[in-house]
1. Does region 49-61 contain any residue that is over 18 Å from Gly106 (Cα atoms) and among the acidic types (Asp, Glu)?
2. In the list Ser15, Ser5, which residue meets the criterion of being open to solvent by less than 70 Å² (accessible area, probe 1.4 Å), farther than 14 Å from Leu81 by Cα and of a type in the set (S, T, N, Q)?
3. What pairs come out if I take residues in region 67-95 that are open to solvent by less than 40 Å² (accessible area, probe 1.4 Å) and pair them with residues that are assigned to a helix (DSSP H, G or I) and of a type in the set (D, E, K, R) whose C-beta lies under 6 Å away, six or more apart or interchain?
4. Across region 96-115, what is the number of residues that are among the polar types (S, T, N, Q), open to solvent by less than 60 Å² (accessible area, probe 1.4 Å) and within 16 Å of Leu2 (Cα to Cα)?
5. Quickly run through region 24-47 and pick out the residues that are surrounded by fewer than 21 Cβ atoms within 10 Å (Cβ to Cβ) and farther than 16 Å from Arg97 by Cβ.
6. Which residue pairs have Cβ atoms closer than 9 Å, lie 6 or more positions apart in sequence or on different chains, and pair a first residue in region 1-23 that is more than 17 Å from Asn72 (Cα to Cα) and in contact (Cβ under 8 Å) with a residue 40 or more places away in the chain with a second residue that is of a type in the set (A, V, I, L, M, F, W, C) and in a loop (DSSP other than H, G, I, E, B)?
Amino acid sequence: QLQASGGGSVQAGGSLRLSCAGSGSAFSTMGWYRQVPGKGRELVATITSAGSTNYADSAEGRFTISRDNAKNAVYLQMTNLKPEDTAVYYCNGRVLRDLSEYDYWGQGTQVTVSS
């Protein structure tokens, strides 16, 4: 239900924009997470359908999350990228149904930042 795109390789200080398009159910909260080999998936940023945002400390001030509710899409504008931002980035969409929450994940897109 979620398809991510926009990853790539950049030098430190560069920018990338990730996109994720969803289909099917409308998502209450959408977000981006990232994962490096050997570590768990970590939060990057989330945004509610009302537009409230939450960022990891590492992303605050450099990344901007946004969404288009009509397109069921979420975006992540990343600036001033650092080598430690290198990871596979996953988009997430949460659906509320029958008092339960269901998480859907995109396939992941690789971001590589070289020094």
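The values are calculated or read from the model by the stated rules, or taken from the named source; none is laboratory data. Everything numeric here is computed off the predicted structure, so don't read it as measured data. Here the Cβ positions follow ideal geometry from the backbone for every residue, glycine too, while neighbour counts run over all protein chains shown. Side chains are part of the model used for accessible areas, which takes the heavy atoms of the whole protein and leaves out ligands, DNA and RNA. Shrake-Rupley method; radii C 1.70, N 1.55, O 1.52, S 1.80 Å.
1. yes
2. The match here is Ser5.
3. Matching pairs, first to second residue: none at all.
4. 1
5. Gln35, Val36, Pro37, Gly38, Lys39, Gly40, Arg41, Glu42, Leu43, Thr46
6. From region 1-23, the pairs are Val10/Leu81; Gln11/Leu81; Ala12/Leu81; Gly13/Leu81; Gly14/Leu81; Ser15/Leu81; Leu16/Leu81.
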